[in-house]
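**Q** Quick one: the structure is below, questions incoming.
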């Protein structure tokens, strides 16, 4: 933990401007993840997903979003987590990726959180795992740790 | 809004209008050759005039210049000063071409800077009087009496009249162009009344270094001075208000002495009766962006879904409390909404429809040029041009049709002498017919030429190594004929610039298939050939057969479904380890849909006594797709798959069903191809 703190101080030194940012925070497998709010279009309840045969595993299928069909991806699959059983807290987060709307399934959306940009810091090396290409930063807010997801990278898979 | 944004918006509008007008121009010009009536000339003239006006407003001066020349030429034809000759026709058509090129160039953001001098000169040089023109001769000499008379005649409004005189520099090389620019300026802000010399002479550069313009405008004189200053190679110019002296009206003969030097400012009211300018006929149409229609279509699609849910909810409520009087009212309202939605969808579909004339109209011109080039005489007969189909189909059907037409003329029809020797009329006939059949459009292209020699197709296929001589002989004539759609096969003995390279018919077929269409050919040697295309009316909404397989609903486009069967399990036989049945004497290979669209979850097939088979066909191929059950028939709105889904083999798109769920649309052709490929590997 002391190493982490040292890193934070160092990081704080080269910070120039502090801005308030908002994150949509959701939980999966007991871990809190955050996505910048301007990337999120809307959050809808889990509905019937039509699977597409012959498509990659992390593509769950298509849903009807008010008359448009949008593909829904399984974030767990991408993050190397076991498949979840849908509950009534499961949600589809509709995000804009490369100009098109897509959905990602998350276990539970908990809140919209205002953070200061100086609360963001690079993922500590010791904590980085096989998903480090899409998790480059974490947020430390009121002694909570939130993993910041880069959705563009998540979906490039 | 930013000014540059505005401009681009107007450019779009201009291009749209130009498109429309150029289209009219070309159509009517082509018709003019056959029927040079005054009405037609008027229509053409109006088109040219509109083009001139809008291009000038947009500042495309080159475009405007060409249209202006065109207008002049047409004006002469209209006035009967000249008659339509082949040379004039050619020049007019070339002008229409040039304008199209310029329009393209503008559309591509390259402006209209193409050099059109040659064309302008040609047009101008064609404007020669057949008979001496009375009006110009009477205006020769000083001619001021007549000038006043003419001015009075032409003055149309209360706007002040101006007189401008120009003197060009001595070695001016483009006298016409300079004078023309001056006229352009005048016409931009006002109405040209008279020019000295007359416009025809100006165009032929039939004048010295000076010319004068009389015009009317509401604009201040400074505006003209400023604009005239921008014209190069003008040595001096003078603009001043021009006034009719009152006696001139009373007695035209005496009033003209100092007419040209009158310096008094224009009076507010010229002593003439104002005849309001004839307004262009009001148009009963509105231009709408297609994407907006698509959006509308989506909205209606949503409405349809909600309607279905609403009636479901109504039914649920009714089951719960039969007593409530509101239930009946709800059912009634839902029924009404259902009808309205259906009508709405119907009307919207119609809005997206265009007559196939839009495509057909391109052809007469092409045929004329082609026939001239290869020395054949062709009469193109077009029928059913009013047949309507969806924009999406219209857009992709032009090229395949064009290709077939070219083939028909280039290879189908014989040379005139040859035709005569065979006892046929010298002029060959190519017929293009469109008509509706069921929910399809059928287009036939037939020629009365030499027909396709089936034996030559066979021989060619063998020569190219596509078939062995034996298998070639085994093919029925019909099958052999359809070999022409295979790639690398052309029976034309000569490769011409236009066709005969063996690429073409295969691409035509591929394009037609992409539209879920079917193409077939029929031919009788010595009598001619007929190509028949069957296409869906729209690509946005299709009639689909809903089937259930592995717990999912799929949609099979009804256009490729031939029939559905319930097959006894014991009727299924194995051929090469592939399942097949015998259907009316023919072997029908079976293909379980699961085998192509593999479900993700393991799915265990229950033991069944019979299977549901959907017989589908693409061109000559027939295959039976086996599904778990048949659900029904329905119109579905096609949504393309999102880019993030990648390319999914066997799926052409998705749609939303009445219950709000998404169903995949099966790409029948893709399914067949995929299964063929996989079979080849396993064998």
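**Q** Name every residue in the range B:456-477 that is outside any helix (DSSP H, G or I) and crowded, with 19+ Cβ neighbours inside 10 Å, in order of residue number.
**A** Listed by number, the list holds a single entry, B:467.
**Q** Could you check the range B:660-680 and list, in sequence order, the residues that are at the interface with chain A (Cβ under 9 Å from one of its Cβ atoms) and modelled with pLDDT under 75?
**A** none
**Q** Select from the range A:82-104 the residues that are in contact with a helix residue (DSSP H, G or I) (Cβ under 8 Å, 6 or more places away or on another chain) and either surrounded by fewer than 18 Cβ atoms within 10 Å (Cβ to Cβ) or under 19 Å from residue A:56 (Cα atoms) (or both) and list them in ascending order.
**A** Of everything in the range A:82-104, those that are in contact with a helix residue (DSSP H, G or I) (Cβ under 8 Å, 6 or more places away or on another chain) and either surrounded by fewer than 18 Cβ atoms within 10 Å (Cβ to Cβ) or under 19 Å from residue A:56 (Cα atoms) (or both) turn out to be A:82, A:83, A:84, A:96, A:97, A:98, A:100, A:102, A:104.
**Q** Here is a follow-up. Please work out which one of (1) farther than 30 Å from residue B:299 by Cβ; (2) surrounded by fewer than 18 Cβ atoms within 10 Å (Cβ to Cβ); (3) without any contact (Cβ under 8 Å) to a residue 40 or more places away in the chain; (4) under 44 Å from the mean Cα position of the chain (by Cα) is the condition residue B:589 fails and give its number.
**A** Here residue B:589 clears every test but (2).
**Q** Hey, among A:44, A:37, which residue is out of contact with any helix residue (DSSP H, G or I) (no Cβ under 6 Å at 6 or more places or on another chain) and closer than 14 Å to residue A:102 by Cα?
**A** Answer to the check: A:44.
**Q** Restricting the search to the range A:61-70, which residues are more than 18 Å from residue B:647 (Cβ to Cβ) and either surrounded by 22 or more Cβ atoms within 10 Å (Cβ to Cβ) or more than 7 Å from chain B (Cβ to nearest Cβ) (or both)?
**A** A:63, A:64, A:65
**Q** Which of the residues belonging to the range A:19-48 are within 12 Å of chain B (Cβ to nearest Cβ) and in contact (Cβ under 8 Å) with a residue 24 or more places away in the chain?
**A** The one that is within 12 Å of chain B (Cβ to nearest Cβ) and in contact (Cβ under 8 Å) with a residue 24 or more places away in the chain: A:47.
**Q** Also, I was wondering about something else. Can you tell me which condition residue B:561 does not meet? The list is (1) within 14 Å of another protein chain (Cβ to nearest Cβ); (2) touching a residue at least 40 places away in the same chain (Cβ under 8 Å), and all the others hold.
**A** Only one criterion in (1) within 14 Å of another protein chain (Cβ to nearest Cβ); (2) touching a residue at least 40 places away in the same chain (Cβ under 8 Å) is unmet by residue B:561, namely (1).
**Q** Quick test of your reading of the structure: residue B:313 fulfils all but one of (1) surrounded by 14 or more Cβ atoms within 10 Å (Cβ to Cβ); (2) modelled with pLDDT under 85. Name the failing condition by number.
**A** (1)
**Q** If I filter the range B:558-565 for residues that are in contact with a helix residue (DSSP H, G or I) (Cβ under 7 Å, 6 or more places away or on another chain) and at pLDDT below 90, do I get at least one hit?
**A** Yes; the residues of the range B:558-565 include at least one that is in contact with a helix residue (DSSP H, G or I) (Cβ under 7 Å, 6 or more places away or on another chain) and at pLDDT below 90.
**Q** For the range B:632-647, how many residues are assigned to a strand (DSSP E or B) and within 12 Å of chain A (Cβ to nearest Cβ)?
**A** Count: 3.
**Q** Something else about it: Considering only residues that are in a strand (DSSP E or B) and facing chain B (nearest Cβ under 7 Å), look in the range A:49-60 and name the one that is surrounded by the fewest Cβ atoms within 10 Å (Cβ to Cβ).
**A** Filtering the range A:49-60 for residues that are in a strand (DSSP E or B) and facing chain B (nearest Cβ under 7 Å), the one surrounded by the fewest Cβ atoms within 10 Å (Cβ to Cβ) comes out as A:50.
**Q** Which of the residues belonging to the range B:525-552 are on the phi > 0 side of the Ramachandran plot, within 14 Å of another protein chain (Cβ to nearest Cβ) and surrounded by fewer than 18 Cβ atoms within 10 Å (Cβ to Cβ)?
**A** Result: B:551, single match.
**Q** Kindly list the number of the only condition in (1) touching a helix residue (DSSP H, G or I) at 6+ places or on another chain (Cβ under 6 Å); (2) surrounded by 14 or more Cβ atoms within 10 Å (Cβ to Cβ); (3) modelled with pLDDT of 80 or more that fails for residue B:426.
**A** (2)
**Q** How many residues, within the range A:65-101, are in a strand (DSSP E or B) and closer than 19 Å to residue A:40 by Cβ?
**A** Total meeting the criteria: 16.
The values are calculated or read from the model by the stated rules, or taken from the named source; none is laboratory data. It should be emphasised that the depicted structure is a prediction, and the values quoted were computed from it without experimental measurement. Please note: Cβ atoms are built from the backbone with ideal geometry, for glycine as well, and neighbour counts cover all protein chains shown.
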